[in-house]
Amino acid sequence: MLHTLIVGMGRAGRGLHLPSLDKVRAAAPGLLADGPVVAFDPLRPPPDVPGMVRAESLEEAARCRPPALTVAHLCTPPQARAALLARLAGLGYRKIIVEKPLAVDLPGLAEVARIRRRWGLDVAVATHWLDSDLTRRLRTAVAAGEYGALRRIRVVQNKPRFTRSIAARDHPTAFDVELPHALAVVLSLAGGARIVDASWDDLVLGRTRVPRLGRARLRLEHAGGVRTEIDSDLTSPVRERSITLHFDRAVLVGHYPCSDTDHTAQLRTVRPGGEASRAVFTDDAFPAFLHGAYVRYARSVTSMHRTLPVQVDAVRLLTEAKRLCAAEDVAGEEVRDVPAVR
């Protein structure tokens, strides 16, 4: 049986990982060890939460539970990821679940790769949309070929995120918040891709402006010819997580759950002539992801976790997208600095 250490008790650690572990424990008795989850937060003292014991340091956490039999959940902001990963490795932790994104740039990605290789870490990235029942149904539709070839994908990820973005500043751009989930899905559906176009907007609330954290748009061309558009608006007045797949003979429109209060997904299939069908089903993806990760860790599987290569590709693509956006910002500033001709 495996113990758990959560590093970082912000929104992801306390609001997502901890309650999902309770669901895994209830669904798979004997997979998780008895006793409370150990938690350490390097940024702030974690609150007292039922089913959790607080550690004052990573060293104390390592004394509470044996690192070799513990899955460490790294839920801190991505900018400090490599340093904490190295500390965990030095204390003997080898089974590590990392919150997305794996890194925010290529130097960070290279450092994570160096630490993983040096210590032989088994890293899984929390990209639970890949474990979504909706994603599985879409993947089946692509593989079966029932609707002909896949031609185009559009993903919309809208949610108002003003308060958290202004208060926490835990992500450098809107590309790092929701897009890693969507990128993982479209890469799993349509294969490798290149950037065609990218843009970002600032988040503005009254007189407060947070650069690059308002909206992110991305257009991709996959090696097989499929075109993808991803639009993530963190200033939207409404929540939406939708994905639309255009095939030769049908359009599939899926809606992922938007909050932790209702784990329900929907899939609408529209065929030529307007004939449509709709399926509504339970889709609690994060506990499914954790269950699969813990089963794999319990079996001591030696192969690389399936989330790692796709998230490495996602970081590379998002780094290129941010580079393009930054270059456009510089070009725009240079144009505005040109003195007017009189």
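The values are calculated or read from the model by the stated rules, or taken from the named source; none is laboratory data. Since this is a predicted model, take the numbers as computed values, not measurements. For neighbour counting, all protein chains shown are included, and Cβ atoms are generated from backbone atoms with ideal geometry for every residue, glycine included. Surface areas here come from the heavy atoms of the whole protein model, side chains and all, with no ligands, DNA or RNA. Shrake-Rupley method; radii C 1.70, N 1.55, O 1.52, S 1.80 Å.
Springs between Cα atoms under 10 Å define the GNM used for the chain, and in it the highest mean-square fluctuation of 232, 303, 199 occurs at 303. In this simple spin-label approximation, residue 64 and residue 299 carry label points 7 Å from Cα along the Cα→Cβ vector, and these lie 3.0 nm apart. The length gained on full extension between residue 199 and residue 329, counted as 0.36 nm times the residue separation minus their Cα-Cα distance, comes to 45.8 nm. With the cut-off at under 16 Å, measuring from each backbone N in the range 171-200 to a point 7 Å along the Cα-to-Cβ line of residue 152 picks out 196-197.
Hydrodynamic analysis of the chain uses the Kirkwood radius over alpha carbon pairs. Inserted into Stokes-Einstein at 4 °C and 1.567 mPa s, it gives a translational diffusion coefficient of 61 µm²/s.
The modelled label-to-label distance for the pair residue 163/residue 114, using points 7 Å beyond Cα in the direction of Cβ, is 4.0 nm.
Every helix of 4 or more DSSP H residues in the chain counts as -39500 (n - 2.57), and over all residues that averages to -11000 deg cm²/dmol at 222 nm. Full extension of the chain between residue 320 and residue 53 gives 92.0 nm of extra length, using 0.36 nm per residue less the Cα-Cα distance. As a size descriptor, the averaged projected area of the C-alpha convex hull of the range 95-166 was calculated at 8.1 nm².
Per residue, how much accessible area does the chain show when a 1.4 Å probe rolls over the protein heavy atoms, in square angstrom?
Per residue, the chain has an accessible area of 46 Å².
Within the listed set 129, 200, 119, the Gaussian network model of the chain (springs between alpha-carbon atoms below 10 Å) gives the highest mean-square fluctuation for 119. With a/c under 1.5 counting as rounded, go ahead and sort the range 91-220 into rounded, prolate or oblate using the C-alpha gyration tensor (a ≥ b ≥ c being the square roots of the eigenvalues; past the cut-off, prolate if a/b is larger than b/c, else oblate). Oblate. For 9, 52, the ranking by accessible surface with the largest value first comes to 52, 9, using a 1.4 Å probe.
Take the Cα coordinates of the range 194-342, assign each an equal point scatterer, and use the Debye formula without solvent to give log10 I(q)/I(0) at q = 0.18, 0.20 Å⁻¹. So the normalised log intensities work out to -1.33, -1.35.
Annotation for the range 138-170 versus the range 6-58: alpha-carbon center distance of 28 Å.
Largest accessible area first, the residues 100, 23 order themselves as 23, 100 under a 1.4 Å probe with ligands, DNA and RNA left out. A 1.4 Å probe, protein heavy atoms only, puts the accessible area of residue 87 near 100 Å².
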